[in-house]
Amino acid sequence: MSASGEARAWWPPARVRPSPNRDPRPAGMEPELIVIHSISLPPCEFGGPYIGQLFTNTLEPRAHPYFAVIADLRVSAHVVIGRDGEATQYVPFTERAWHAGVSSWRGRERCNDFSIGIELEGCDERPFTPSQYRQLASLIAWLRQRFPALAGDALAGHADIAPGRKTDPGPYFDWQHLAARLEGEADA
């Protein structure tokens, strides 16, 4: 990877924890969409090592009854932002993370090919934290500087690209608040 490619691959504020659940993007494909997700393991419980374990294929199925259902999934996201705003990056932005599943955006199938997946630790029943919005806006601004196709309205929720199958980031995700923060990031 070239020096410029390496500079676009990893977000400096994030802790790096590589996931095996990734592969190369199709030849010539650049990120054109940011997909916002939410995740909590166990559902609606926060903290602990479980999201990282899921994304690195080390989740112990017996640690919680729900984990027996998901432990064999091979999934990842580019970045996870915890409730405290701490970010962990699992997949370089120059590669394909396995976050979207069966998906479509503006008539294009296979969103993993051309998107960046950002997970917020959260669930459909609770608001996200100010620290998460701050960190998310900072990350999106950084990505837009490095991948020009991500400017403008190249943002979607998982529910937007997989309607009927997914609901995240859920009804408590404040898109207007994110837009205001992004406006502030653009002015900074």
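Looking at segment 17-29, is at least one residue touching a residue at least 60 places away in the same chain (Cβ under 8 Å), touching a Cys at 6+ places or on another chain (Cβ under 7 Å) and surrounded by 17 or more Cβ atoms within 10 Å (Cβ to Cβ)? If you could, list the steps in order and put the result at the bottom.
Going residue by residue through segment 17-29, those that are touching a residue at least 60 places away in the same chain (Cβ under 8 Å) are 17-19, 21-26, 29.
Add one more test, that the residue is touching a Cys at 6+ places or on another chain (Cβ under 7 Å), and what stays is none.
The answer is no, given that none of the residues of segment 17-29 is touching a residue at least 60 places away in the same chain (Cβ under 8 Å), touching a Cys at 6+ places or on another chain (Cβ under 7 Å) and surrounded by 17 or more Cβ atoms within 10 Å (Cβ to Cβ).
If you scan segment 132-152, which residues turn out to be more than 23 Å from Thr94 (Cβ to Cβ) and either open to solvent by 40 Å² or more (accessible area, probe 1.4 Å) or of a type in the set (Lys, Arg) (or both)? Even if it seems obvious, please write down each step before you answer.
Taking segment 132-152 and keeping what is more than 23 Å from Thr94 (Cβ to Cβ), we get 132-134.
The one that is more than 23 Å from Thr94 (Cβ to Cβ) and either open to solvent by 40 Å² or more (accessible area, probe 1.4 Å) or of a type in the set (Lys, Arg) (or both): Arg134.
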- Task: Name the residue, out of Ala9, Ala71, Ala27, that is small (Gly, Ala, Ser), closer than 28 Å to Ser104 by Cα and under 16 Å from the mean Cα position of the chain (by Cα).
- Result: Ala9
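Can you go through Gly107, Gly47 and tell me which one is open to solvent by 30 Å² or more (accessible area, probe 1.4 Å), without any contact (Cβ under 8 Å) to a residue 24 or more places away in the chain and small (Gly, Ala, Ser)? Before you say what the answer is, go through the steps one by one.
On the way: Gly47 fails: without any contact (Cβ under 8 Å) to a residue 24 or more places away in the chain.
When all the criteria are applied, what remains is Gly107.
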- Item | Where Gly101 falls short, out of the listed (1) closer than 15 Å to Leu33 by Cβ; (2) assigned to a loop (DSSP other than H, G, I, E, B); (3) open to solvent by less than 30 Å² (accessible area, probe 1.4 Å) | (3)
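Residue-by-condition table, conditions (1) open to solvent by 90 Å² or more (accessible area, probe 1.4 Å); (2) at pLDDT below 95; (3) over 18 Å from Phe114 (Cβ atoms):
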| residue | (1), (2), (3) |
| --- | --- |
| Ala156 | no, no, no |
| Pro171 | yes, no, yes |
| Leu178 | no, no, yes |
| Glu185 | no, yes, yes |
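Test Glu185 against the stated conditions and say whether it is farther than 16 Å from Glu32 by Cβ and either touching a residue at least 60 places away in the same chain (Cβ under 8 Å) or of a type in the set (Asp, Glu) (or both). Even if it seems obvious, please write down each step before you answer.
Numbers: farther than 16 Å from Glu32 by Cβ: yes; either touching a residue at least 60 places away in the same chain (Cβ under 8 Å) or of a type in the set (Asp, Glu) (or both): yes.
Against the criterion (farther than 16 Å from Glu32 by Cβ and either touching a residue at least 60 places away in the same chain (Cβ under 8 Å) or of a type in the set (Asp, Glu) (or both)), Glu185 qualifies.
Only one of Val75, Val91 is within 19 Å of Pro26 (Cβ to Cβ) and assigned to a loop (DSSP other than H, G, I, E, B). Can you tell me which? Please lay out each step first, then the result.
Numbers: Val75 fails: within 19 Å of Pro26 (Cβ to Cβ).
Answer to the check: Val91.
The values are calculated or read from the model by the stated rules, or taken from the named source; none is laboratory data. All of these numbers come straight from a predicted model, not from anything done at the bench. All Cβ positions, glycine included, derive from the backbone under ideal geometry; neighbour counts span all protein chains shown. Ligands, DNA and RNA are excluded from the accessible area calculation, which covers all protein heavy atoms including side chains. Shrake-Rupley method; radii C 1.70, N 1.55, O 1.52, S 1.80 Å.
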